[in-house]
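Down below is the structure, laid out as structure tokens.
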Amino acid sequence: MASISIQHLVKKYGDGFPAVNDVSIDIADGEFMILVGPSGCGKSTLLRMIVGLEDISSGDLKIGDRRVNDLAPRDRNLAMVFQNYALYPHLTVYENIAFPLRLAKKDNAEVDKLVKEAAATLELEEHLQRKPGNLSGGQRQRVAMGRAIVRQADAFLFDEPLSNLDAKLRGQMRTEISRLQKKLGITTVYVTHDQTEAMTLGDRVAVLKRGILQQLATPRELYDNPGNLFVAGFIGSPPMNFLPVEVDGTSAKLPFGSVELPADKAQKVAGRGLLIAGIRPEHFEDASLTDGSGGSTFQAKVDVVEWLGNETYAYIPFEAPPEVAKQLHQLEKDLDGEAMRTQLVITLDGASRIKEGETAEISVDASKMHFFDPATGENLT
Ligand code: ATP
């Protein structure tokens, strides 16, 4: 196993905008690193550069102590686990796992030992004589990983391994990959556009946009302290709400009314003119269910209510001034249109009796509010 050091990596195709633009990431030995971002952000290109399937335009790539920029893929000792598992349907599980060892001309006794060890680790012993067609998706994934294990690769690389599966199987496989990665303790780089996979699997997550690393942090840090509007909008479902705001003293003026901010937060943003406030849907509450009286409540007319049993989504439309609308429109494009920006989405307790068309008293946890610079998108708090 090994660490992977990515230093100032650049990939240029022709003379266009770099697909990967000066990205630096240090992946520790045994770490599960996620590369995430919307389509076209350069995550697959970065992974392919690590594996050696794509030339590096500039920068340094090290696996352990070796600089591998110019090494052929087969000499990098990395194992790519492909989306469709790339198993040979006519071979048994045993022979599928043994395949890289046969290629390396290992003798039968060693092949047997390594295959059986891998099968034990992956709980595939009972299935060694079966063909891939008779296995479940999870078992196939384990066979693909078995093939990587017997090679004693320094790291596993995954490129969107679950994207072709239905939601239920995807959930099961995600848990499986997580369990195995922990058990094996092998350095792993995993590309996905799915923020749930990013949040649940990664020790750390690298968020990319148009080839540029936006933030590299633990899932919790990304959620609690997103560095900019893009990361804030990308991580979280339903997504964070973005609203125009002006802060005067400790009072934050939102489209629906003013809320009182904690002094330390207010200090960072007071008097800076028009900003973008970020508030996660779950940081609102139906004030009639809480004792949330005081400065952090406002009244708003609820447009649509969706009751899901355990929780309720309420939608409240608002208008944004042109400076903010422009930035939010750009954000929506950057996020691949996944975000909803013309209305506030709030998650209320399932016990809430708020009705469509009603003016409701809503409270907000002002200590959890973020404030973004409308020009740069930077999180100011
Ligand atoms: P997706 O999730 O859609 O696969 P991605 O984030 O993995 O996207 P990449 O496939 O790495 O993105 O592509 C990054 C950028 O580089 C895109 O703008 C893409 O069009 C461009 N690109 C990728 N491969 C090539 C190529 N062989 N020649 C020219 N441009 C390319």
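Quick notes on this structure:
- Residues being near the ligand (Cβ under 9 Å from one of its atoms) and not in a loop (DSSP other than H, G, I, E, B) - total across segment 37-63: 6
- Where Pro255 falls short, out of the listed (1) modelled with pLDDT of 95 or more; (2) within 24 Å of Glu332 (Cα to Cα): (1)
- Residue count for segment 259-288, restricted to those that are assigned to a strand (DSSP E or B) and exposed (fewer than 15 other Cβ atoms within 10 Å of the Cβ): 1
- Apart from one condition, Asp166 fits all of (1) away from the ligand (no atom under 13 Å from the Cβ); (2) touching a residue at least 24 places away in the same chain (Cβ under 8 Å); (3) of a type in the set (Asp, Glu); the exception is (2).
- Test for Val247: is it at pLDDT below 95, in a strand (DSSP E or B), more than 16 Å from the ligand (Cβ to nearest atom) and hydrophobic (A, V, I, L, M, F, W, C): no
- Listed by position, the helices (runs of 4 or more DSSP H) enclosed by segment 110-201 that each have at least 2 residues that are out of contact with any Phe, Trp or Tyr (no Cβ under 7 Å at 6 or more places or on another chain) and loosely packed, with under 14 Cβ neighbours inside 10 Å are 167-184.
- Inclusion of Ile34 among residues that are of a type in the set (A, V, I, L, M), more than 14 Å from the ligand (Cβ to nearest atom), modelled with pLDDT of 95 or more and within 26 Å of the chain's Cα centre (by Cα) is not warranted.
- Boolean, Leu213 is away from the ligand (no atom under 16 Å from the Cβ), more than 21 Å from Ala118 (Cβ to Cβ) and assigned by TED's automatic domain parsing to the domain that holds Glu123: no
- Some residue of segment 289-297 being surrounded by 13 or more Cβ atoms within 10 Å (Cβ to Cβ), touching a Pro at 6+ places or on another chain (Cβ under 7 Å) and more than 25 Å from Asn379 (Cβ to Cβ): no
- Selection status of Ala252, within 16 Å of the ligand (Cβ to nearest atom) and not in a helix (DSSP H, G or I): no
The values are calculated or read from the model by the stated rules, or taken from the named source; none is laboratory data. Here the structure is a predicted model, which means the values were calculated and not measured. Every residue, glycine among them, receives a Cβ derived from its backbone with ideal geometry; neighbour counts consider all protein chains shown.
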